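Structure, as structure tokens:
The values are calculated or read from the model by the stated rules, or taken from the named source; none is laboratory data. Source: prediction; values computed, not measured. So basically every Cβ, Gly included, is an ideal-geometry build from the backbone, and we count neighbours across all protein chains shown.
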Amino acid sequence: MDDKLKNKFPVSNNGSMAQNFDEMKKLGKEMEEAKTNKELKEEKKIPDPKQ
């Protein structure tokens with residue numbers, strides 16, 4: 001990764017999605033608002049595949 005990208009997107013030191021508690025709270029809120037696979041199917045949308 002070049003220096004410009006490193007400054008723009010710093011690498012996580014802990015290997016998780018969130019770097020600190022504030023980011024964890026934000027991600028939690030985003031996940032609460034995300035639709036379930038069942039809700040997406042009811043709207044005739046394709047849910048994400050299982051990983």
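When you go through (1) modelled with pLDDT under 80; (2) assigned to a helix (DSSP H, G or I); (3) within 18 Å of the chain's Cα centre (by Cα) one by one for Lys4, which number turns out not to apply?
Unmet condition: (3).
Identify the residue in segment 7-51 that is small (Gly, Ala, Ser) and at pLDDT 80 or above and, among all such residues, is surrounded by the most Cβ atoms within 10 Å (Cβ to Cβ).
Step one: list which residues in segment 7-51 are small (Gly, Ala, Ser), which gives 12, 15-16, 18, 28, 34.
Right, trim to at pLDDT 80 or above and you get 28, 34.
Working: Gly28: 11, Ala34: 9.
Checking each candidate, the answer is Gly28.
Are there any pairs with C-beta distances below 8 angstrom linking a residue in segment 28-47 that is over 24 Å from Ala18 (Cα atoms) to a residue that is in a helix (DSSP H, G or I), with the two at least 6 apart or on different chains, and if so which?
Close Cβ pairs (under 8 Å, with a partner that is in a helix (DSSP H, G or I)) amount to Ile46/Leu40.
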